[in-house]
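Here is the structure we will look at.
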Amino acid sequence: MLDYLIVGLGLAGVSFCEQLESSGKTYKVISDTSQTSSIVAGGLYNPVILKRFTMAWKAKEQLELSTSFYASIEKKLELKLNYKLPVLRRFASIEEQNLWFEACDKTGLEDFLSPKLLKNTNSGIDAPFGYGEVLGTGRIDTAAMISKYTTYLLSKELFWQETFDFEALQMDSEYVAYKTIKAKCIVFAEGYGLKKNPFFKYLPMTSTKGEYLTIKAPELNETCAIKSSIFLIPWEKDLYRVGATYKWKDITNLPTEESKIELVEKLDALIQCDYEVVDQVAGIRPTVTDRRPLVGRHPVQDNMFVLNGFGSRGVMIAPFASEQLLNLMERNEALHPEMDINRFTKKHFKN
Ligand SMILES: Cc1cc2nc3c(=O)[nH]c(=O)nc-3n(C[C@H](O)[C@H](O)[C@H](O)COP(=O)(O)OP(=O)(O)OC[C@H]3O[C@@H](n4cnc5c(N)ncnc54)[C@H](O)[C@@H]3O)c2cc1C
């Protein structure tokens, strides 16, 4: 009998596998390719909400955990994943500069907002009011991580590539059984796939589709990620990611012409050199009505758990939420109440 069966190998699934490995637990993973969020993600980690100049939820704790967490995966996979990358917030006006400098003095933010006004020195970019720099930022190559993690699990015979068949799941008070697998517990980490999960689809998950363009701009020569109405992220040589969009109705992973037009318009307002669009990708962010993760034990099935709802900040939340989940399962430590799915139990389950 295994300790754990995990369904889903995006950021949530990988981070939970890592927690299990460091605790010496046995497990198997089942995943398909129906969701693409972790593969198309920009992979940025940045503790500040750049629209309002406020800290993201639990960002300081998450950032501290993330650094050692991704370093340990890099070591295991022998693959560079963490690229330190300055994030510059482009100011649209003097008023925005003033708001930034006010925010720099606020408790919590002072460690992450540089109080220096940076002048734009790149002639390929239009930024007459300059930038503010966020400190401690970077990018995780999430696509490479998931691809290599899959190979790693396959080499250890710990991975089945298939769509989870709920008809084949048997629940017992002591174990769960799925085809030839028997495990003490099951953890669902399906991203937006949760909508098809009969046990957890009651949770208030919404879809936020996001699309990125990849552009080739040999004259741009930018080495920082720039946030204006969109992010411009240096990718590989001469390549940049541009995005992302936020759409709430379309739940497909297909790139759209509408988003391409929107992104090109925003890009044209930011850069002033030639470029060519060379790729476009899309994915669904698993977002939650109250903007907090969905973590915890099923209200009725004691050995069934969920790890989800990372929204647009999966890179930083995944190590934090997966550690909390393991602490709940192995040591019965309470989850942070704001992410515990218990907050929705009363509404959906009697007693
Ligand atoms: C365009 C875009 C840009 C983003 N940029 C950033 C960023 O810069 N920084 C950041 O922190 N976050 C970013 N995000 C958000 C981040 O990608 C998500 O928070 C994160 O990927 C969610 O991870 P997950 O593992 O919960 O879900 P997913 O990545 O969706 O993974 C779930 C996995 O489970 C599988 N699955 C689902 N159902 C089943 C089933 N029934 N059977 C078997 N397998 C199943 C799916 O195929 C998938 O492999 C971005 C997202 C998008 C879409």
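The values are calculated or read from the model by the stated rules, or taken from the named source; none is laboratory data. What you see is a predicted model, and the numbers here were worked out from it, not measured in a lab. Every residue, glycine as well, gets a Cβ built from its backbone with ideal geometry; the counts of neighbours run over all protein chains shown. Just so you know, the surface numbers come from the protein's heavy atoms only, side chains and all, with ligands and any DNA or RNA stripped out. Shrake-Rupley method; radii C 1.70, N 1.55, O 1.52, S 1.80 Å.
Numbers below:
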{"item": "Qualifying residue in the range 12-30 (condition: near the ligand (Cβ under 6 Å from one of its atoms), within 19 Å of THR151 (Cβ to Cβ) and part of a loop (DSSP other than H, G, I, E, B))", "result": "no"}
{"item": "Residue selected from the range 254-277 under the condition hydrophobic (A, V, I, L, M, F, W, C) and open to solvent by 70 Å² or more (accessible area, probe 1.4 Å), by the criterion nearest to the chain's Cα centre (by Cα)", "result": "LEU254"}
{"item": "Hits in the range 147-165 (condition: open to solvent by less than 50 Å² (accessible area, probe 1.4 Å) and farther than 19 Å from CYS17 by Cα)", "result": "none"}
{"item": "Filter result for the condition that a residue is under 20 Å from the mean Cα position of the chain (by Cα) and assigned to a strand (DSSP E or B), over ILE215, ILE226, ILE251", "result": "ILE226"}
{"item": "Residues that are touching a strand residue (DSSP E or B) at 6+ places or on another chain (Cβ under 9 Å) and free of Cβ contacts under 8 Å to residues at least 40 places away in the same chain, drawn from the range 312-342", "result": "GLN324, LEU328, ALA334"}
{"item": "In the range 189-221, the residues that are more than 19 Å from ASP279 (Cα to Cα), more than 8 Å from the ligand (Cβ to nearest atom) and in contact with a strand residue (DSSP E or B) (Cβ under 7 Å, 6 or more places away or on another chain)", "result": "LYS195, PHE199, PHE200, LEU203, PRO204, MET205, THR206, SER207"}
{"item": "Single match in PHE16, PHE69, PHE91 (criterion: out of contact with any Leu (no Cβ under 9 Å at 6 or more places or on another chain), buried (at least 22 other Cβ atoms within 10 Å of the Cβ) and of a type in the set (A, V, I, L, M, F, W, C))", "result": "PHE69"}
{"item": "Failed item in (1) within 12 Å of the ligand (Cβ to nearest atom); (2) out of contact with any Lys or Arg (no Cβ under 6 Å at 6 or more places or on another chain); (3) part of a strand (DSSP E or B); (4) not small (Gly, Ala, Ser), with ILE284 passing the rest", "result": "(2)"}
